[in-house]
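Okay, so here's the structure we're looking at.
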Amino acid sequence: MLLIEITPDKCDFCGCCVGVCPEDAIELKEAEITIDEKLCTNCAKCVWSCPIEVLQFNKEKAAEVKNANRV
Amino acid sequence: MRTEYDVVVVGAGPAGTTTARFIAGQGVSVLVLEKDRDVGYPVRCGEAVSRAGVEEFITPDDKWISAKINKFSMIAPNGEEVILPLEEEGFILERKIFDYVLGQKAVEAGAEILTRAYVHGLIFDGGKVAGVKFTHIGEEKEIHSKIVIGADGVESRVGRWAGLKTYVDFREMESAVQVTVGGLNDIRQDTCYFYFGQEYAPEGYLWVFPKGNNSANIGLGVSGNIGKKRSALSFLNYFLEKNYPNAGILTQVAGGVPCTITLEKITAPGLMLVGDAARQVNPLSGGGIISGMIGGKIAGKIAARAVKENKPELISLYEKEWDERLGRRHRNFDRIKDGIYNFSDEKFNSIARAFNKVPMEKRTLGNLFKTALIHNPSLLVDVAKVFVIKN
Ligand SMILES: Cc1cc2nc3c(=O)[nH]c(=O)nc-3n(C[C@H](O)[C@H](O)[C@H](O)COP(=O)(O)OP(=O)(O)OC[C@H]3O[C@@H](n4cnc5c(N)ncnc54)[C@H](O)[C@@H]3O)c2cc1C
Ligand code: SF4
Ligand code: SF4
């Protein structure tokens, strides 16, 4: 499950996140960004590298997933 | 537009258009595909270059020069300013125009450029790259070629599709944000300003580069290591509020600078990478315009030769030639960068204090590094390689 959230309106389409993604999971067109859920490992490197806080790691969702897996 | 070219270049930044220019100049057919509407826009760049660097490719023209630089001002964490007169003149470009003119040069040499062409995959033929798949204004297209050149900038996906590991360790990626501001009266238009230290730009630096007419590019880069805790944007806003609370912001851009050594492999069968895509940025300064154009020139000449002589295997010559010209030098810069990243604020302050005792006429970048050395002897070998031995 994808735990990385994008606020597309904030994005400047600069490609910094794409350059650090180890899985090539980010698709970036002239003014459109998407993450491929099938490729993404939720490593959060893109989140740390985005200069302008467009990407967030959803901690609540991560905790839910963890709990659900425990049951 | 045909469906087959000798060479296809992906990306119309300075590296891509320069590559195309040197290919077309040899009478070899070349098409450049660019996903954006314009060549040269948006500009994600501080726009600083050296005159000598530019002159290798094009005669300087005031049309695309915003400011001429003859000194650096380096500001230590405690606010002490060090002035460094430059031995070599520098320019702050108007890249919007500069990149466009580079595109024109390529076209004049015989290259074709197609904008709004988003490349999303490669065509293979017997394990060798043999063309690209792209979307052009909503239409799916394919172009076959003998060589594909990835000049797709920081993203560098083209190389990955051919099996090269191009992604950058997040700690070596400088996440950058920059504003161009107007109405600044207290900035000297012949000076590039650099701020160091924990407060403004840990593991990186903040720059103020004059753009003429009392305007300037103000930006900074921080390593992903820092970005984990706090974004580049929040550092920039903090600096602006503190130092230029009334600055009129004309533009804001984000960007990534791969401050790392060149990729181990910048060729694969049928494929070459140039510029940011090959990680040809000077890892110490973060400057990648000229070095990317140098990569493009070398790659372009070799690609043209490989096509003309019908010897695809010649493209591997590019790696060695790049390494001799700049790659090796960048490895030294990278080690110096690692040393400087680890400097404490106290160390920056004491270097500034010591260097300010050097008389103005004796100040050179080499001497500055020598001063830094006294404070950090472990850098000795690398600094010596760059400034004393010069390869
Ligand atoms: C904030 C910032 C400040 C900087 N300051 C300086 C400086 O002061 N001096 C300096 O020398 N360098 C500076 N740099 C670095 C410099 O901007 C780059 O090194 C330089 O632009 C690299 O040129 P390039 O041609 O390799 O890539 P780019 O200029 O990034 O061009 C790549 C092109 O490829 C296109 N592209 C990408 N993917 C695709 C695709 N799939 N299909 C089609 N097209 C595609 C992009 O749209 C882009 O136009 C700075 C960088 C940043 C981010
Ligand atoms: S979380 Fe990791 S794998 Fe997923 S898009 Fe970001 S960098 Fe790529
Ligand atoms: S790094 Fe941030 S601003 Fe740049 S493309 Fe990625 S999400 Fe958008």
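The values are calculated or read from the model by the stated rules, or taken from the named source; none is laboratory data. None of these values were measured; they are calculated from a predicted model. Heads up, the Cβs are rebuilt from the backbone with ideal geometry, glycines too, and the neighbour counts pull from every protein chain shown. Please note that ligands, DNA and RNA were not included when accessible areas were found on the heavy atoms of the full protein model with its side chains. Shrake-Rupley method; radii C 1.70, N 1.55, O 1.52, S 1.80 Å.
General remarks:
- With DNA, RNA and ligands ignored, accessible area of B:GLU319 (1.4 Å probe; Å², nearest 10): 40 Å²
- Mean sequence separation of contacting Cα pairs (under 8 Å, at least six apart), scaled by the length of chain A, corresponds to a relative contact order of 39 percent.
- Residue order for B:MET1, B:MET74 - accessible surface, 1.4 angstrom probe, largest first: B:MET1, B:MET74
- Ranked order, B:LEU33, B:LEU314, B:LEU86 - accessible area, probe 1.4 Å, largest first: B:LEU86, B:LEU314, B:LEU33
- Cα centroid separation, the stretch B:91-108 to the stretch B:33-77 (Å): 10 Å
- Between the stretch A:51-66 and the stretch B:282-346, the alpha-carbon centres lie 37 Å apart.
- Neighbour net charge for B:LEU122 - beta-carbon separation under 13 angstrom, K R +1, D E -1: 0
- For the protein assembly as shown, the Cβ-based charge dipole about the Cα centre amounts to some 940 debye (Lys, Arg positive; Asp, Glu negative; other atoms uncharged).
- Three-way shape label, the stretch A:4-70, alpha-carbon gyration tensor, a/c 1.5: prolate
- Within straight-line cross-link reach of B:LYS71, aspartates and glutamates at Cα separation under 20 Å, skipping those fewer than 8 residues along the same chain: B:GLU47, B:GLU55, B:ASP62, B:GLU80, B:GLU81, B:GLU87, B:GLU88, B:GLU89, B:GLU94, B:ASP186, B:ASP190, B:GLU361
- Modelled label reach - B:LEU250, point 7 Å along Cα→Cβ, the stretch B:86-102 residues with backbone N closer than 19 Å: B:91-101
- Sites B:ASP345 and B:THR3, calculated FRET efficiency, Cβ-Cβ separation with R0 60 Å, nearest 0.05: 0.55
- Multiplying the residue separation of B:GLU80 and B:ASN356 by 0.36 nm and removing their Cα-Cα distance gives an extension gain of 98.5 nm.
- Heavy atoms of B:LYS347: accessible area, 1.4 Å probe, square angstrom to 10: 60 Å²
- Net charge of Cβ neighbours under 10 Å - reference B:PRO14; Lys, Arg +1; Asp, Glu -1: -1
- Per-residue SASA entry for B:ILE187, accessible area with 1.4 Å probe, Å² rounded to 10: 10 Å²
- Net charge of the neighbourhood of B:ILE92, taken over other residues with C-beta under 9 Å away and scored Lys/Arg +1, Asp/Glu -1, is 0.
- The listed residues B:ARG305, B:ARG21, B:ARG157, B:ARG44, once ranked by accessible area (1.4 Å probe) with the largest placed first, stand as B:ARG305, B:ARG44, B:ARG21, B:ARG157.
- For chain A, the longest principal axis of the alpha carbon atoms and the long axis of helix A:59-70 meet at an angle near 40°.
- Surface composition of chain B: carbon plus sulfur atoms hold 50% of the accessible area, using a 1.4 angstrom probe and ignoring ligands, DNA and RNA.
- Listed residue pairs exceeding 30 Å between alpha carbons, taken from B:LYS133/B:LYS211; B:LYS297/B:LYS370; A:LYS45/B:LYS337; B:LYS211/B:LYS242; B:LYS211/B:LYS337: B:LYS133/B:LYS211; B:LYS297/B:LYS370
- Cα gyration tensor category, rounded, prolate or oblate, for the protein assembly as shown with a/c compared to 1.5: oblate
- Contour excess over end-to-end distance, with Cα ends at B:GLU309 and B:LYS133 and 0.36 nm allotted per residue: 60.7 nm
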